[in-house]
Amino acid sequence: MNLPKVTVVVLNYNGFDDTANCVSSLLESDYQNLSVVIVDNASPDRSGQKLQERFPEIPVILSEFNGGYAGGMNLGAKLAVKNGADYVVYSNNDLVFDKTAISKMTETAMSDPSIGIVSPKVLFLGHEDTIYCAGGTYNFWRGGPVSTGRGMKVTEFGHSERDISHTEGACMMISRKVIEEFGYMKEIYFMYCEDLAYSYEVSKKFKLRYTPRAIVYHRSGAGKNWGEQTSLYHYYFTRNRLLFFRDFNLFSRIYILIYSFLIVVLKSLTLLFVKKGSEFSFIRSLWGGLKDGALYILRFRKVKDEKPLIKAHNH
């Protein structure tokens, strides 16, 4: 039996060490029909060129501009599909793959033709007894995606394979038939919520499957909880939650806007009084994301799906 061709796309931005560690772990994989593509999102530190030197046998796409998560991943995925990949794995660069992870994800993907995306068990790198994500859940009342099991011990949760309603963008194996049906991820979000939008659409026709047999380890550059996350996270996740719901009905849009407002107020108060006001940049990012997102969900601003919506200071 011929093994399906799997291509892992690893996205780099100023992250030579993380990317090199990720790629090195993939080169140790026991899967025999695996290829890797590195995409560099116009890193100003020239880490893309350094990765070319470090891995001369691996294609490194040097993007001319930073197209964000989906923009970069899609560049690699298009090359993978052109070269005949049956499955494409979108991988954050701060992942380390267990030797059997790709094999186990592929076995799961092949077990049922209705499976479109496979999500592995993701553990925190450096805290391997703690879950980053054991499958994901789409929850409208909580404004979108919930990383199931986050913060729990590996002994407590996530032991059984199951269908899920959201696949975490840190690591997801996408079937070629999904790409042929739905295309690639929308690039408007720049960072955060692309996986939400893609999972939501794909789940209308294909199963999303979590498998605990495939293990990857995530350093999680955004932080283990919202208090440790970056200003960019606070802006983009707040804005993009609203952006995702822009085409929903009026009730849904009003609910999500109110929910988002309350979350921003709660987080701002926590930052002010629990953290003694030390993170004013976080608070500015939260309110900036809420303001811009509100303009989209209320349809005062128009959206072109093919163009990333980048916050001004990221140009």
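Values quoted throughout were computed directly from the atomic coordinates according to the rules given, and no laboratory measurement underlies them. Quantities reported herein were computed from a predicted structural model and do not represent experimental measurements. Reconstructed Cβ throughout: ideal geometry from the backbone, glycine too, with neighbour counts over all protein chains shown.
Restrict the search to region 172-257; then list the trypsin sites (Lys or Arg not before Pro) that DSSP places in a loop and that have at most 15 other Cβ atoms within 10 Å of their Cβ.
Those that pass, being in a loop and sparsely packed, are Lys204, Lys205, Lys224.
Based on other C-beta atoms within 10 Å, arrange Ile310, Ile115 from fewest to most.
Ile310, Ile115
Along the positive direction of the dipole of the chain (beta-carbon charges: Lys, Arg +1; Asp, Glu -1; about the Cα centre), which of Phe140, Ser199, His218 reaches farthest? Checking the options against the dipole of the chain, the answer is Phe140. At full extension, Asn33 and Lys204 could sit 58.6 nm farther apart than now, given 0.36 nm per residue minus the alpha carbon distance. Shown for Val202, Val81, Val303: other C-beta atoms within 10 Å of each C-beta, ranked fewest to most, produce the order Val303, Val81, Val202.
Database remark: amide H of Asn12 closer than 5 angstrom to the amide H of Val39, Asp40, Asn41 (H placed geometrically; neighbours at sequence offset of 5 or more, or on other chains; Pro and chain starts carry no H). Arranged from fewest to most other beta-carbon atoms within 10 Å of their beta carbon, Glu161, Glu28 become Glu28, Glu161. Students often get this wrong, so check it: of Lys177/Lys311; Lys50/Lys311; Lys5/Lys50; Lys204/Lys307; Lys5/Lys205; Lys121/Lys177, which have C-alpha atoms separated by over 31 Å? Table pairs above 31 Å Cα-Cα are Lys177/Lys311. Taking every full run of DSSP H in the chain, the ones that stretch at least 24 Å from end to end by Cα along their long axis and average 0.0 or higher on the Kyte-Doolittle scale are 250-269, 280-297. Note on region 41-184: Cα-Cα pairs beyond 19 Å make up 60% of the total pair count. Here the contact order of the chain, divided by its residue count and restricted to Cα pairs under 8 Å and six or more residues apart, works out to 17 percent. The P(r) of the chain has a tail past 36 Å containing 14 percent of all C-alpha pairs. Here the simple spin-label model places points 7 Å from the Cα toward Cβ, and for Glu180 and Phe251 these points are separated by 3.9 nm. Overall shape of region 76-130 was characterised from the C-alpha gyration tensor. The equivalent ellipsoid obtained from it has semi-axes of 23, 16, 9 Å, in decreasing order.
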